[in-house]
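Q: My structure is below; once you've seen it, I'll send some questions.
The values are calculated or read from the model by the stated rules, or taken from the named source; none is laboratory data. In this text, all values refer to a predicted model and were calculated from it rather than measured experimentally. Neighbour counts are summed over all protein chains in view; Cβ atoms, including those assigned to glycine, are modelled from backbone coordinates with ideal geometry. These area figures cover heavy atoms from the full protein model, side chains too; ligands, DNA and RNA do not enter into them. Shrake-Rupley method; radii C 1.70, N 1.55, O 1.52, S 1.80 Å.
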Amino acid sequence: MSYYVNDKGFYGQFGGAYIPEILYATVKNLQEQYLQILETDEFKREYHQLLRDYVGRPSPLYFAQRMSEHYGCRLYLKREDLNHTGAHKINNTIGQILLARKMGKTRIIAETGAGQHGVATATACALMGMKCEVFMGATDVERQHTNVERKKMLGAQVHPVRTGNMTLSDACSAAIRDWCCHPSDTFYIVGSTMGPHPYPDLVARMQSVISEEIRWQLQEKEGRDYPDYLVACIGGGSNAAGTIYHYVDDERVRIVLAEAGGQGWQTDRTAATLHRGSIGILHGAKMLVMQNDDGQIQEAYSISAGLDYPGVGPMHCNMARQGRSRVLSINDDEALRAGYELTRLEGIIPAIESAHAVAALSKLDFKATDIVVLTVSGRGDKDIETYLANPQ
Ligand SMILES: *Cc1c(COP(=O)(O)O)cnc(C)c1O
């Protein structure tokens, strides 16, 4: 069995495209065209040129000497935090906006939680001169004020969403509703490996540049092109998908993913979907979701806004259920401690999302010769106030 998507849009029993009828033609059109467009020389040339000259790729694969000594392994950090706009999200928005342009779309919509995907989308739209509208829960608009102002400065219109809990999940629903009203001219840039087929596959491919680079960077530094462990944090699953993409069928590589335990995955204050979720349909796909007995979505909680989503992408649901990936639940306090640790041992302040991945290291037993690659999905500038409010 393959861990990649099949021709019906499924990963095992997860995925698919559960959409309102009014979107059928639009989504079908995208399903039929995306691979063709992605595989043209013209697309590849433009995409890789922008990744290099605009985003700043390849991102370094940095050997973390002091952290390696601390954990008794050979630890490399994949520095997605050094990308333009400060996280991996831009790899995806640059790719999708090129796709949108090739498909003749003129208006871009996106959802955002913390605002990182919104900023990356608004950035790509400014670069391409496209109209951009971002849906964001009203609660998040308040909590993430700076990112709202960044988006406005970049020329995007921000729509506060006042339904439900007024957070990311509601922003996704609002974006899908808008898409239903404008299916022909609008391209919906989905921010993670979620949504109806082909989005999970599309986003994974856009992020797969991460593992493509890891392969040759490890070959250069270690004389072999695969690690013993890959470690990443997981919200919807895009930086994790990018980190593991070229290694999913390579059984020599162990995959460890850190999801947000919040105050503990056994409590109601958690976003540990792979621990707590059950099968349901959310935002166009079948996946593991946190829901009550009536199928009502339960609000997710994590100290990190980027991980606080009640679902997780279908590729990861399948890999976790098949036992291919090992999923650890990392609580708020463990992530904060790990964030401070990386800062003091290596001089790198990680996003609190990425700090969840760092915290996973202390739960693994390494041999001294083990090569570990951990993706630092974003930088911590946006989280300084949270770090300062929780000194370690
Ligand atoms: C959005 C975000 C995440 C979580 O999203 P994934 O799709 O799971 O990668 C993780 N880290 C950072 C820095 C983010 O901005």
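Q: Quick one: if you take sqrt(5λ) for each eigenvalue of the C-alpha gyration tensor of the range 42-90, what semi-axes come out, biggest first, whole angstrom?
A: 29, 10, 7
Q: Let me ask something else. Would you kindly enumerate the cysteines in the chain that have no other Cys beta-carbon under 4.7 Å from their beta-carbon?
A: When partners are defined as cysteine Cβ atoms under 4.7 Å apart, the chain leaves 73, 172, 180, 181, 233, 317 without one.
Q: Over the chain, average the accessible area per residue using a 1.4 Å probe and give it in Å², no decimals. Write down the numbers at each step before the final one.
A: Working: 15220 Å² over 392 residues.
On a per-residue basis, 39 Å².
Q: Still on this model: In whole Å, what is the distance between the alpha-carbon centres of the range 155-181 and the range 262-315?
A: Distance between centres, Cα-based: 19 Å.
Q: Based only on Cα atoms, what Rg/Rh ratio does the range 272-385 have, Rh being taken as Kirkwood's radius?
A: So for the range 272-385, dividing Rg by the Kirkwood Rh gives 1.01.
Q: Under 8 Å for C-alpha pairs, at least 6 residues apart: give me the relative contact order for the chain, rounded to a whole percent. Spell out each step's value before the answer.
A: Working: 847 pairs, mean separation 77.3, N = 392.
Answer for the chain is 20 percent.
Q: Let me ask something else. Would you kindly find the accessible area of residue 294, with a 1.4 Å probe and non-protein molecules such as ligands, DNA and RNA excluded, rounding to the nearest 10 Å²?
A: 130
Q: Another question about this same structure. Report, in cubic angstrom per residue, the convex hull volume of the C-alpha atoms of the chain.
A: 127
Q: Quick check: convex hull of the Cα atoms in the range 29-165, volume per residue, rounded to a whole Å³?
A: For the range 29-165, the hull spanned by Cα atoms encloses 164 Å³ per residue.
Q: Here's another thing I want to ask about it. Would you mind telling me the antiparallel percentage of the DSSP bridges in the chain, rounded to 5?
A: 30
Q: Let me ask something else about it. Considering only protein heavy atoms and a 1.4 Å probe, what is the carbon-and-sulfur percentage of the accessible area of the chain?
A: Heavy-atom surface of the chain belonging to carbon and sulfur, 1.4 Å probe: 47 percent.
Q: May I pose another question? Among 350, 183, 198, determine the one that fluctuates most according to a GNM of the chain built with springs between C-alpha atoms less than 10 Å apart.
A: 183
Q: For the range 132-246, report the convex hull volume of the alpha-carbon atoms normalised per residue, in Å³, without decimals.
A: Working: hull volume 16.2 nm³, N = 115.
Enclosed volume per residue, from the Cα hull, is 141 Å³.
Q: What distance in nm separates the two pseudo spin-label positions at residue 63 and residue 263, each 7 Å out from Cα along the beta-carbon direction?
A: Distance between label points: 4.4 nm.
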